[in-house]
1. Of B:728, B:690, which residue is surrounded by fewer than 19 Cβ atoms within 10 Å (Cβ to Cβ), assigned to a loop (DSSP other than H, G, I, E, B) and in contact (Cβ under 8 Å) with a residue 12 or more places away in the chain?
2. Determine whether segment B:488-507 contains at least one residue that is touching a helix residue (DSSP H, G or I) at 6+ places or on another chain (Cβ under 6 Å), without any contact (Cβ under 8 Å) to a residue 12 or more places away in the chain and surrounded by fewer than 17 Cβ atoms within 10 Å (Cβ to Cβ).
3. Might you check whether a residue that is outside any helix (DSSP H, G or I), more than 23 Å from residue B:465 (Cβ to Cβ) and touching a residue at least 24 places away in the same chain (Cβ under 8 Å) occurs anywhere in segment C:105-117?
4. Yes or no: residue A:279 outside any loop (DSSP other than H, G, I, E, B) and assigned by TED's automatic domain parsing to the domain that holds residue A:35?
5. Scan (1) under 30 Å from residue B:133 (Cα atoms); (2) out of contact with any Gly (no Cβ under 8 Å at 6 or more places or on another chain); (3) assigned to a loop (DSSP other than H, G, I, E, B) for the single condition residue B:324 breaks and write down its number.
6. Taking segment B:700-725 as the region of interest, how many residues are within 14 Å of chain A (Cβ to nearest Cβ) and part of a loop (DSSP other than H, G, I, E, B)?
7. Any residue that is assigned to a helix (DSSP H, G or I) and either more than 14 Å from chain C (Cβ to nearest Cβ) or basic (Lys, Arg) (or both) - is there at least one of those in segment B:252-269?
8. If we scan segment C:93-108, do we find a residue that is modelled with pLDDT of 95 or more, touching a His at 6+ places or on another chain (Cβ under 9 Å) and more than 7 Å from chain B (Cβ to nearest Cβ)?
Amino acid sequence: MSQATLRVQKISGHAGPIPGEGMQREDQVCKLVDTTTCIGCKACEIACQEWNDLPFAQTTFDNTYQTMPTTQWNFWNLIKFNEQPKEDGTMMWLMRKDQCMHCADPGCLAACPSDGAIVQYTNGIVDFQQDRCIGCGYCITGCPFNIPKFNPTTKKVYKCTLCSDRVSQGLEPACIKACPTGCLHFGTKDDMKDLAEKRARQLREHYGFENAGVYDPPGVGGTGVIYVLHDATNPEAYGGLPANPSIPWAVRLWKTPLRWLGNLAMLGGLVGVTLHYLRFGPKTVHNGESEKRS
Amino acid sequence: MTNGWIDIKNTDMMLIEGGNPAENHPCGFKWAIEAKRNRNAKMIVVDPRFTRTAAVADLHLQIRTGTDIAFLGGLVRFAIENSRIAKDYLVNYTNAAFIIRDGFKLPDDGLYSGFDPATQTYDKSTWNYAEGGDMSGKAGGGTAVPHAGSHGQDAHAAVPPALPENVAYDLTLQHPRCVFQLLRQQYSRYTPEMVEKITGIPQDQFHKAADLFTSIRKDGDTKKVGTIIYSVGWTQHSSGTQTIRTAAILQLLLGNVGRAGGGVNALRGHANIQGATDMAGVFDLLPGYLKVPNPNDTSLDAYLKRITPKPSKPGPWQSMNYWGNTPKFAVSFLRAMFGPAASKENDWAFDYLPKVDRNYSWIQIWDNMYRGSVKGLFAFGMNGVMIGPDSKKNIEALKKADWLVVGEIYPDETSEFWKSPGITPEEMKGIQTTVYRLPCAGFAEKDGSFTNSARWLQWKNAALPPPGDCRLDQAIVAQIFLKVRELYQKEGGKFPDPILKLAWPYGDPHNPSLSEVAKEINGKALADVTDPATKLVTKAGQQLPSFAWLRDDGSTSCGNWIYSGSWTEAGPQLARRGTEDPSGLGIYPNWAWSWPVNRRVLYNRASCDVEGKPWDPSRRQVWWNESVQKWTGHDVPDFKPDSNPKEHLGPFIMNPEGVGRLFMPIGAVADGPFPEHYEPIESPVANLLHPNQSNNPVVEKLKTPLDKYGTVAEGFNIICTTYRLTEHYHYWTKNNPANVELVPEPFVEVPAELADEVGIRGGEKVKVTSARGEIIAKAMVTRRIKPMMIDGKKTYQIGIPIHWGYRGIAEDEGRTAHTPTNLLSPTVVDPNAFTPEFKGFLVKLERV
Amino acid sequence: MAPTRRDFLKLSTAGGVAASILGFDLAPAYAEMRALKIARASETRSTCPYCSVSCGVIIYTQGDGAKNVTPFVVHVEGDPDHPINRGTLCPKGSSLQQDILNERRLLKPQVRRPGSDRWDDIAWDDAINEIGRWVKKSRDATFVEKDAQGHTVNRCEGIAWTGGCTDTNEFNYLVVKTMRSMGLCYIENQARV
Amino acid sequence: MSTNALPHTRTQSGSEDRILRYTLAERVVHWVAGLSYIYLLITGLAFWSPYLFWLADLVGGGPTARFGHPWMGLVWSVAIFWMYTAWREDMRTTPADRKWAKHVGDYIRNHDENLPPIGRFNIGQKQFFWLMLFGGIALLLSGVAMWLVNDIPWSWRWLRYTAVLVHAVAALLTIGGFIIHVYMGTAMVRGGFTSIIRGEVSVAWARMHHRLWYEHVKGASSREK
């Protein structure tokens, strides 16, 4: 078993125990995105594309500074721009880096049917293994953040890897490194939460943002990407950050109770017909000659 | 920048105006964010648009473009009226106490004393200090003692007026003609009501900003520091220099100059704009800010006499007057230029230098090319058609040139002016210009040094060879020069001496190594040179340790005195990579090398009080060390190191006064010793301070048929400003697929209300027309620019980024309209810096 | 699992069809780490050519400097040691790789002759010869030795130099030397505008 | 097509004790539907449960299975649609069916002698038909939604959620029907499997299981004679 496999704590579509479960001591890594110091420069967008050698997309102007409406299979990191008027007539220009949130309880992984196409390492990174991806797109359905994107040519789904290649070699993710203002920060989840809470407190105490807070949604078990928001009561204003994300109930229903019910039903059906055969046997044609080719 | 990028983290208060560092200098802007994060610093952004900088500011004021002096003047007034000033600093470190000559008049009618309407220039003789001693307590006398018969006489003198050696002063600042009282009087007109009418900033918002910015001096606090950060949003106006002067005045009033976290910080635009200015890539300078000789400088002596200032100060004070060393810098420069050919006998080859008698600046090149006197143009990495102003005029000018040599790495608009949009095949046949387009090397393929806006010289290494047939820029210039020299050698011609005798001591003359050149710039001893104080000797042939070693007797050579010390016998100081920061102030003394003499914060003597103790002990940079009788500290003291504070040597050692100039005497600026608000050349309103003198009186309009200026009466009723985006770099990244992806097309930012009036929606195409041309781009309808009330009238501003032309990825794919933004901008410049007014002009907006 | 091509080969050669049916044994490592693409690339410390912050960048080029390699850029990233940018880069700095390795780069000298509607290739030597000839012609035609007052001015008014914002100090110095020695007054730079 | 339209009573072999129950076309379509359903079942079950993912390897691996499943689903849908157009009339529930349904316990316990006579299909077969038809429609619609991996906008994501549930539920229902169908067609009702292969049943088989149909066919046949 490779060292890498030992570092896997969740595997999609996997039957039986996880080979490396509980086998490694490792801190959870986390990206902190402080939206209050994001200047929407898009350095992270390009750093991501450059590091991952992703092809550039042809875009068109759409009355916004935002590069494109949503992340794409070749564009894993998108700053969302939102003009937000305030009550006093002034305005805010909210910018938020949108990317895979690396949920502790990842909806994509829960939805994925392919063994090992999505794994979660012990450091919390949720990574897609495209050579095992079958292209069903269930992960797209499972994600509460609209992140994984399908490439129609390769028929595979792609998203932010949290630069697992860099992180595994002791480097920070490319976006984190690039961020000019330091609105992006990288470290252990504990440290980032601590930093985020301190910043939120500073915003409340010194900058008049009474509702400043940290976004680390419990509905998905917390995320490997956490935000500091000026107004944590209204994450939707930041380009549709869901207020209370969780794995869609449909996916949960589908993947757990319905699956077990279905399995039981199918098994029951097979057992039933078997028992029926054992008890009653085949119908033979009576009333005269019997079926010749029984 | 007086300070540096990292130093911004030490500030408590930021005023960002005329700049958009979050977009244009994102990596430097991190230090502004650090100040917010670590010091709870506040950030005020004043900009015509709600920019990405404004998005992280604590306060954004939307200002009408080109009215910054009115706003800053209002701040000056507020600070004085509310006693939010650094009194000790003001008295001791500025010329606030200096008394101005009788006869000097403030511009209540828009004109200072001495204006000559015929020549559109000032006789500046009254803009001077009065001669005399301590006038403290003599304020009741009413007037200072004027220098008998001085004014009126200077105007006709062959030698320009000089500063008096013994300046009259009043340390109580009560004398009615002292600089402080004049300053108060000048800006007393800049009331919040007036500021509102001119700038469009509502009074309550102005008050909020003024109160916040000056709060650092609330209740006599001297510990806190504020910084002012600006960029081309200030310089690219017909009153650009004076806007920056107003900021300097405000910072001197508040005692913020020379201190960590303070200063007046020009972000500068591009990689080596600072270096290009230092190295005199501009017509009016020689390297190291030596003034260029003019025809009246009939000898080196006359030249040196003219450009070497003498101390001018109150009698008991001292002034170092560092420019007093000018002859050493100039002679050493001539020795570097012409080597052995420059000798004492031939005035160090002074006559080899061209003498400049008028404005040869950027727009004059195009004007005179259009008029036919400029026959040939070298454009190396300089896309003049795109840069404008008035791209059309530049294209027309190029049609009249004999030849054009373009050195570039991408196909650019200037080299292809002859096939710019609208030129017919017939017309093309008529264009007789020969154009050479030479493939140069990119940054990664060259070594050499850049100087950033914090004055750091940083050596970079070549990572790979140039592709294809590309050649290094220095090789191309060397080869052209050597070819010209060869022709003059063989054939003779007009005054060939300077060409034949130019020092060209490089190992491979056809491809000089930049390290050789860098060593030449640093300077070396041509004979053994001894330092009189330490008796140390630099031997002939050795690199000089610093400009303190320069001599005016020909025993030293130095290409640029301010860079002396960058490549010493100890090696390339500009390539140092020490990451230590012992002070924690972000000085990094061992990283690269900062001019002058590795000093990171200019005027840092002013970070201490008169006794030499830091204003804020928690941010101490340098201080007077009584025990060793020396100035010591984390930074290199910008001062005479052994000058006891008791000597009262002025901290602004480059000024003949030794102190900071609230009042700019005589020749330093063309348009007034104090800044005054003038409207941009194209403005929707008359100047509310003096409607009869609306524009800057010394600003000249050009006069070819192409130089047109629009008015509201002609329908140009919308204010337009131009700017850059963080995703793009000038006219370069339109060749970069990554940047084109981020922002693919040109656009016009239009206030939502204006869009409703004109009937346009976001993404639709609009036509913007100025008196000079029109462009077509998509509309970005936004609430980030609001309509403004200017003198009671609803006024709209729009904004256009400048990055697209007719060659580029999107352009070549036909996704854009091929209309450079600078087709719109006017050919008018600031009278001091000659920078065009790109940032404010009039247009009309229509739906396409 | 989703067998890759390699797995298929393995399958057929090993004849492990039965194993495949039962879903055993074929699972490769669950997390094959992507290789670090700059692991052994050469690092060159340089300075970003864009704005005046002058961020330190590291240019990663293929090859270890061996004689038989023409290096090419594989990645550009901020220099973490640089005190100002500390490894960060803006979107322009982050895309420098595309600037260095760009299909739009000019690669050979070209000339557009008077009246022509196209670029023609020209040899370097010919270009330098012609330019030198032009310079001499224009200089000799427009050179002023003395002005109207009889003062020596020694200037050439017929040629202008415009330099870019990404010229190094050393290059700018050579421009000052060569152009001033030819008597040019029109020496301007992006620094002005 | 109705029972009346049945054209042949003779078997291909010409034997008098064999009756043609399914035409060649019917048999072909049945097997198109059946085999495609089996493919869908294998691939679908592979996606359904990690414990069954190995099934995908039987048919070329996960990506191939993922590629084949929707296309095969279309094939199956076409077959179902053909069946619908062909058998729609035969599949209407008749009064005889209702009577028969009351005795379904006897059918299960193989007391067929207690069953009232019925036509060509019993009500179980008919209900299976309708189950597959409506299940097929649900599977088709939800399947298409799932197939458009890239094209459902975020604001329509409820469609994705609905689709996965509908697809799963519909698939489970058809699987239930399928299990019974296969069991009865192969193991339980002897002769049934032959009939869908060769198309013939014995006279006795026909008389026993579908007497009304048998009589109808016999009547038609004698009229023909």
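1. B:690
2. Yes, because at least one residue in segment B:488-507 is touching a helix residue (DSSP H, G or I) at 6+ places or on another chain (Cβ under 6 Å), without any contact (Cβ under 8 Å) to a residue 12 or more places away in the chain and surrounded by fewer than 17 Cβ atoms within 10 Å (Cβ to Cβ).
3. No, segment C:105-117 has no match at all.
4. Here the answer is no, as residue A:279 does not meet what is asked.
5. Failed condition: (3).
6. 2
7. yes
8. Scanning segment C:93-108, I find at least one residue that is modelled with pLDDT of 95 or more, touching a His at 6+ places or on another chain (Cβ under 9 Å) and more than 7 Å from chain B (Cβ to nearest Cβ), so the answer is yes.
The values are calculated or read from the model by the stated rules, or taken from the named source; none is laboratory data. If you're wondering where the values come from, they're calculated on a predicted model, not measured in any experiment. All Cβ positions, glycine included, derive from the backbone under ideal geometry; neighbour counts span all protein chains shown.
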